[in-house]
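Below: one structure, written as structure tokens.
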């Protein structure tokens, strides 16, 4: 990609168009309670909206060793951490487990068959593994239908879903607890506060579905064009928001040139210079000075255009007289009939 490429639009088209080929099916696995596995387009929507999946799998919340207790109707996975504390997870009797007794697991290990809840995965394993999980799961859906999509398009969507953080402690910043802030703006403000010796703010990673992420954009024009128009515009008016028009949608809405491709400021300020010198033209009175013309033609004898012969100089003189006397209908004919010696042409 080049600077100025509309990568968001490219990603949306790359994911959306093949999405029309996905089936809308939900499989049920042998009557097991809670084991509905969503496939096709609904699964992609489920992932991009960061919803709790139907066939929810549980994950270990801490490191520890596994012990499995069986009863007539249930299986209980007991995880004993390093401090000796037990953490119990109960499943239906026919659940397919991914762990066994005596096994050592780390926090975030999937315990049973099913789909992970992105919010839980983010809280336990962090941002990077959550992004990787989203990319892997979306790719599995498309590949099952024979559709090939480059990872970078899905990664771009996942990045936007994890772009915000929630402020926990405001410190000496102007943020409010519970406020959603762009993680890069948050890091910049925290860095400035830290440089001045102030108390930095604390944050919590969050994941937003694409609908909520679109409504939490910095541009209220962009958000209003998506959903909940009345609410978005009302909130923007009450808060006195200013739209800096940094994105594409807001510029399209008000009819301005979009900041992409040749619409970028750095391209609008380009000064174009000729690749070759411009041809010399006649001045307001007549022809240019003979010495200048002779110098350009490489006649360095100091006698102007004398090197072309006396007849040529007489024609030049007559043309200059016509130039001082005003326009003459025969001027073009005189130019065409200049008597230039053969060896000087």
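Annotations for the structure displayed:
- Extension gain for the segment residue 182 to residue 139, taken as residue separation times 0.36 nm less the Cα-Cα distance, is 12.8 nm to one decimal.
- FRET efficiency, 1/(1 + (r/R0)^6) with R0 22 Å, evaluated for residue 242 and residue 10 via beta carbons: 0.15
- Remark: relative contact order (segment 217-261) = 37 percent; criterion is Cα-Cα distance under 8 angstrom and separation of 6 or more residues.
- Judged by the mean number of other Cβ atoms found within 10 Å, the most tightly packed of the peptides 189-196, 90-97, 54-61 leads the ranking 54-61, 90-97, 189-196.
- Hydrodynamic radius of segment 60-112 by the Kirkwood approach over all distinct alpha-carbon pairs: 11.0 Å.
- With a Förster radius of 25 Å applied to the beta-carbon distance between residue 253 and residue 166, the computed FRET efficiency rounds to 0.30.
- Note on residue 199 and residue 93: the model spin-label points, each 7 Å out from Cα along the C-beta direction, lie 5.6 nm apart.
- A straight chain from residue 262 to residue 101 at 0.36 nm per residue would run longer than the Cα-Cα distance by 51.8 nm.
- Two-site FRET efficiency, residue 151 against residue 226, from Cβ-Cβ distance with R₀ of 35 Å, rounded to 0.05: 0.85
- Overall dimensions of segment 163-206 by Cα: Rg and Dmax, Å: 9.3, 28
- Once the chain from residue 2 to residue 159 is taken as fully extended at 0.36 nm per residue, the excess over their C-alpha distance is 54.7 nm.
Each reported figure results from applying straightforward, stated rules to the coordinates on display, with no laboratory input. Just so we're clear, the structure is a prediction, and the values are computed from it rather than from any experiment. Because the Cβ atoms are built from the backbone with ideal geometry, glycine has one as well, and the counts that use them run over all protein chains shown.
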